[in-house]
């Protein structure tokens, strides 16, 4: 199977790549064929999820990580790095107005770096699905490290970051109530914790709070065996085939690292922790399990949207509107109306 | 249609109500019939969504709002008030360990108040759907004011709060980078902004930043006519029948209010703003439009999950696993595999 646009992307054409990513964002069915071709070339990239509350300096840290992967302090070859920054700051497309992306300008002109921002509200095919379709394309295009940055600490953001190989959760000190700041469903999905802005007051109490919450979380986890912590959102109805939080954490204790990203302090330790976690995943066989979990999510999301689209294309619009009227009039519950429509 | 559990709930049995809410949270199909009966009694409550980042003091504010609705300063009758607090702080069920709920103890023993916390990861039927099914039940049970509190500023949290009649977004000063703190897809869905902890340093710069971002947001919005701001997440594939952000905002400028919830300062002004917004919705006809939008989401979510469940119940498990294998081996894209499975 060949395809002109896919060939262009595989040979490094950035414009063709950018165009495809826009099509994916717009859920344009015309790009399916290109994606199908490219998918066969994917599966080589290492995916790093980075999530954290606004104001933790995540974007600055991401910028430093890009630089470190591009100019390794040891003798490694520079990696090609892509970033998918998922930003809910609609109506501003991609958050550019708000300055985050401006900080990434230091990578401008570097052909080994590709940065793509996506407004959450712009992702017409659903946030998680769009993100991971983009990741597959960037993977096929030869980017060896893909950073998935999600702005915010909501459920969907954390779930997206959790589908990476290594998930980094960024905190910062002095965000008012320490316990509040670290409470967002992050314990079972974090592989590495980073406390950024570590020169600010309160860094020690943040670290203490984080470590004791971690201990508590692990103690509780022992009581909830079999709970699938990673990426439950998409495949709610079925036990995941892939790895559960407990399994994946076996033999791995998430380190708590401190950084001052604005001064590039501590970034190298974060990179090292990523390498160590990567090695752990390879040795334990968890890397393959995480791959399967991620791809199962993509498959299930495709099945769900195909089912819905098939139904939409053949549904009786009048019957749908009558059903909605019945719900609005409270004559039927949404569930009753759905069952009748699908009968 | 009658039902014993539904009758108990309609006659004020709190235990029966709590049991049903647990069943909804667990996506227990056995409770469908009770919900169907109760749904016919819903449609009377006024829904207030409250969203904001962790640490803004949202829960304290919610607590004060409960008290104000229970003991109105004017001559209004006390309202019956229910709270659905959606909290992503897994693995701790309902966030109780973290102290939020403890602050709500001042309502303990008041039969006119019902508080329900829900862990995001506990919502097996999907977060938005579970929340709104709970709201429908509380509505039927006679709670006249329902506060939908979402912890976090992620897309899903904001979307849930946005499906209320009045959406309140809570900020607080001094959360590091002001511009960062207020950037979370909140502009087009907020009906009322509250800057809580208004006795803290930085309140003026937060207010200035918020107001100028609002101005910018409205200027940009003029360029994006037809964009459906509210609740796009569930029905991605179709233009909503209901109200768009632009339409709903017509004639309503979101006020920016300051509160110190811990000292009950400013709460009354928030309540007054809610009443004013309610009046605006009634007079403009937008209340009905918001109802339709919300119920259309519930209907579409029911259709999607029913389609998926129907498929799951009759699917060939071996074929599914072969399809997943093909995806993992990168022989087929998830989309190709889904199409073949559903062919």
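Tell me yes or no: at least one residue of the stretch B:311-319 is more than 7 Å from every other protein chain (Cβ to nearest Cβ), closer than 30 Å to residue A:140 by Cα and in a loop (DSSP other than H, G, I, E, B). For the stretch B:311-319, residues more than 7 Å from every other protein chain (Cβ to nearest Cβ), closer than 30 Å to residue A:140 by Cα and in a loop (DSSP other than H, G, I, E, B): absent. The one condition from (1) in contact with a strand residue (DSSP E or B) (Cβ under 6 Å, 6 or more places away or on another chain); (2) at pLDDT below 90 that residue B:21 does not meet is (2).
Flag not set for residue A:325, criterion: more than 12 Å from every other protein chain (Cβ to nearest Cβ), under 30 Å from residue B:296 (Cβ atoms) and surrounded by fewer than 19 Cβ atoms within 10 Å (Cβ to Cβ). Consider the stretch A:278-326. How many of its residues are in contact (Cβ under 8 Å) with a residue 24 or more places away in the chain and closer than 27 Å to residue A:192 by Cβ? The number of residues fulfilling the criteria is 16.
Scanning the stretch A:328-343 for residues that are part of a helix (DSSP H, G or I) and buried (at least 19 other Cβ atoms within 10 Å of the Cβ) gives A:334, A:335, A:336, A:337, A:338, A:341.
Among the residues in the stretch B:250-260, are any surrounded by fewer than 20 Cβ atoms within 10 Å (Cβ to Cβ) and at pLDDT below 85? Yes - at least one qualifying residue is present in the stretch B:250-260.
Filtered by the rule that a residue be more than 10 Å from chain A (Cβ to nearest Cβ), farther than 30 Å from residue A:331 by Cα and assigned to a strand (DSSP E or B), the stretch B:50-74 gives a lone residue, B:52.
Given the structure, is residue B:277 buried (at least 19 other Cβ atoms within 10 Å of the Cβ) and out of contact with any helix residue (DSSP H, G or I) (no Cβ under 7 Å at 6 or more places or on another chain)? Considered against the rule, which asks whether it is buried (at least 19 other Cβ atoms within 10 Å of the Cβ) and out of contact with any helix residue (DSSP H, G or I) (no Cβ under 7 Å at 6 or more places or on another chain), residue B:277 comes out as yes. I'd like to know if the stretch A:274-286 contains one or more residues that are in contact with a strand residue (DSSP E or B) (Cβ under 6 Å, 6 or more places away or on another chain) and either assigned to a helix (DSSP H, G or I) or away from chain B (no Cβ under 12 Å) (or both). Yes, the stretch A:274-286 contains a residue that is in contact with a strand residue (DSSP E or B) (Cβ under 6 Å, 6 or more places away or on another chain) and either assigned to a helix (DSSP H, G or I) or away from chain B (no Cβ under 12 Å) (or both). Of all residues in the stretch B:56-75, those satisfying the criterion of being more than 22 Å from residue B:12 (Cα to Cα) and loosely packed, with under 13 Cβ neighbours inside 10 Å are B:73, B:74, B:75.
Has the stretch A:34-49 got at least one residue that is facing another protein chain (nearest Cβ under 10 Å), in contact with a strand residue (DSSP E or B) (Cβ under 8 Å, 6 or more places away or on another chain) and assigned to a loop (DSSP other than H, G, I, E, B)? So far as the stretch A:34-49 goes, no, none of its residues is facing another protein chain (nearest Cβ under 10 Å), in contact with a strand residue (DSSP E or B) (Cβ under 8 Å, 6 or more places away or on another chain) and assigned to a loop (DSSP other than H, G, I, E, B).
Please determine whether any residue of the stretch B:42-52 is surrounded by fewer than 16 Cβ atoms within 10 Å (Cβ to Cβ), in contact with a helix residue (DSSP H, G or I) (Cβ under 9 Å, 6 or more places away or on another chain) and within 23 Å of residue B:144 (Cα to Cα). Yes, the stretch B:42-52 contains a residue that is surrounded by fewer than 16 Cβ atoms within 10 Å (Cβ to Cβ), in contact with a helix residue (DSSP H, G or I) (Cβ under 9 Å, 6 or more places away or on another chain) and within 23 Å of residue B:144 (Cα to Cα).
The values are calculated or read from the model by the stated rules, or taken from the named source; none is laboratory data. For clarity, every value in this text was computed on a predicted model and none was experimentally measured. Positions of Cβ are generated from backbone atoms using ideal geometry, with glycine treated the same way; all protein chains shown enter the neighbour counts.
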